[in-house]
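Asker: My questions all concern the structure below.
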Amino acid sequence: MPEGHTLHRLALAHDALFAGEGVRVSSPQGRFAPEAKRLDGRVFERADSWGKHLWHRYEGGAIVHVHLGLYGAFTDFEVSDGAPPPVGQVRMRIVGPRGGTDLRGPTACELVTEEEVDGVLARLGPDPLRPDSDPDDAWRRIARSRRPVGALLMDQAVMAGVGNVYRAEVLFRAGIDPHREGRDLARTDFDGIWADLVALMPIGVERGRMHVVRPEHDHGAPSYAEDRPRTYVYRRTGDPCRVCGTPVRSEVMEARNLYWCPTCQS
Ligand SMILES: [Zn+2]
C-alpha cells in the first residue's frame, strides 16, 4: 500500500499539472460518471494530502476525496497529441493543458463536503510530512497504550502516513523492539522516532522512493526486490542484519507482516 510520501508527491504533481486551470474530468469506466460530469470544465484549485488521503479542490467548493488503498494508482500522460484512449478500468481521468492523469483501482474516489473532509481529518493522527501536525497528539495516544509500538505506528489514528516499510525501518533505526508496549516507550524515544520520520519522509517525497538505510550501511546485499531501495529489515526475513549479522525476523502483527532484528532492537 502506498505510504504517506506517495500521497504528498501526488498532491504536488497534481498541483503542478492542474492548479489554476480549467480541466476536463471524466470517468471512462463509468463508476464516477455523474460526479465527473459535475466537475468537468471547472478550475482545479489545488490538491492536498494528509496521511494516505488525497483531496482535489475545484472552484465552487467541490472536493474529490481519493484513497488509493492497496491497488489504486495514478498514471500520468502527455496531451500534446491529444489524450490517449483510456486503457483498463479508469475511474477518473483529468485532462488539463499541461497534461493528464488516469486513476485506476482506488478504494475511494468520491465527491465530499468540507464537513466530510473534517470528519476524515478528525480520525487521523498527525502526519510527519505536515508542518502543521502536532506530534503531541500521537504521543498522548502512544504513552497510554498497551499495544505494541509496532502496531501503534501503523495505526492511522495515532500517526498518519506511516505504512509497513517506514514502520519497520524507523524502529530499526531507533533500536526499538516493535513489541514494546506504547506505555513503555520513553518520550525521548518517541521524539527520536518522530524526528526521524520528519527527516526521512520528505526524501521519499522528493525522490519518489524511500531512502532509509544510512550511507555507512548502504552496500552489500541488494534490496529485497529489483528497483526497490535497500532496507534494514523490511522483507529481509532470515537475511543477516546489515549492522550485526543476526538473521532478520518476521511475524504477523495485527494482520501485517512485521520485520525486526532481535539483536539491534531490544
Ligand atoms: Zn542487527
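Asker: Is there a residue being out of contact with any Lys or Arg (no Cβ under 9 Å at 6 or more places or on another chain), more than 16 Å from the ligand (Cβ to nearest atom) and closer than 30 Å to A11 by Cβ anywhere in the range 209-225?
Answerer: yes
Asker: OK, next. Among residues belonging to the range 228-248 that are among the aliphatic types (A, V, I, L, M) and either exposed (fewer than 14 other Cβ atoms within 10 Å of the Cβ) or in contact with a strand residue (DSSP E or B) (Cβ under 7 Å, 6 or more places away or on another chain) (or both), point out the one that is nearest to A174 (Cα to Cα).
Answerer: Result: V233.
Asker: Look through the range 171-210, keep the residues that are over 22 Å from S145 (Cα atoms) and among the small types (G, A, S), and return whichever of them is surrounded by the most Cβ atoms within 10 Å (Cβ to Cβ).
Answerer: G204
Results for (1) at pLDDT 95 or above; (2) assigned to a strand (DSSP E or B); (3) closer than 30 Å to R256 by Cβ; (4) not hydroxyl-bearing (S, T, Y), shown as yes or no for each residue.
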site: A13; (1), (2), (3), (4): yes, no, yes, yes
site: R38; (1), (2), (3), (4): yes, no, no, yes
site: A47; (1), (2), (3), (4): yes, yes, yes, yes
site: D81; (1), (2), (3), (4): no, no, no, yes
site: R93; (1), (2), (3), (4): yes, yes, no, yes
site: L103; (1), (2), (3), (4): yes, yes, yes, yes
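Asker: Filter the range 48-65 down to residues that are aliphatic (A, V, I, L, M) and over 21 Å from D155 (Cβ atoms) and give me whichever is surrounded by the most Cβ atoms within 10 Å (Cβ to Cβ).
Answerer: Only one residue fits best here, namely V64.
Asker: Consider W194 carefully, then state whether it is among the aromatic types (F, W, Y) and more than 13 Å from the ligand (Cβ to nearest atom).
Answerer: Against the criterion (among the aromatic types (F, W, Y) and more than 13 Å from the ligand (Cβ to nearest atom)), W194 qualifies.
Asker: Tell me which residues, restricted to the range 249-261, are more than 8 Å from the ligand (Cβ to nearest atom) and either loosely packed, with under 14 Cβ neighbours inside 10 Å or not in a strand (DSSP E or B) (or both).
Answerer: Within the range 249-261, E251, V252, E254, A255, N257 qualify.
Asker: For G150, state whether it is closer than 12 Å to L258 by Cβ and in contact with a Phe, Trp or Tyr (Cβ under 9 Å, 6 or more places away or on another chain).
Answerer: Against the criterion (closer than 12 Å to L258 by Cβ and in contact with a Phe, Trp or Tyr (Cβ under 9 Å, 6 or more places away or on another chain)), G150 qualifies.
Asker: When residues of the range 45-54 are filtered for being farther than 13 Å from A13 by Cα and hydrophobic (A, V, I, L, M, F, W, C), how many remain?
Answerer: 1
Asker: Take A168 and tell me if it is away from the ligand (no atom under 16 Å from the Cβ) and assigned to a helix (DSSP H, G or I).
Answerer: no
The values are calculated or read from the model by the stated rules, or taken from the named source; none is laboratory data. None of the values given here were measured: they were computed from a predicted structure. Reconstructed Cβ throughout: ideal geometry from the backbone, glycine too, with neighbour counts over all protein chains shown.
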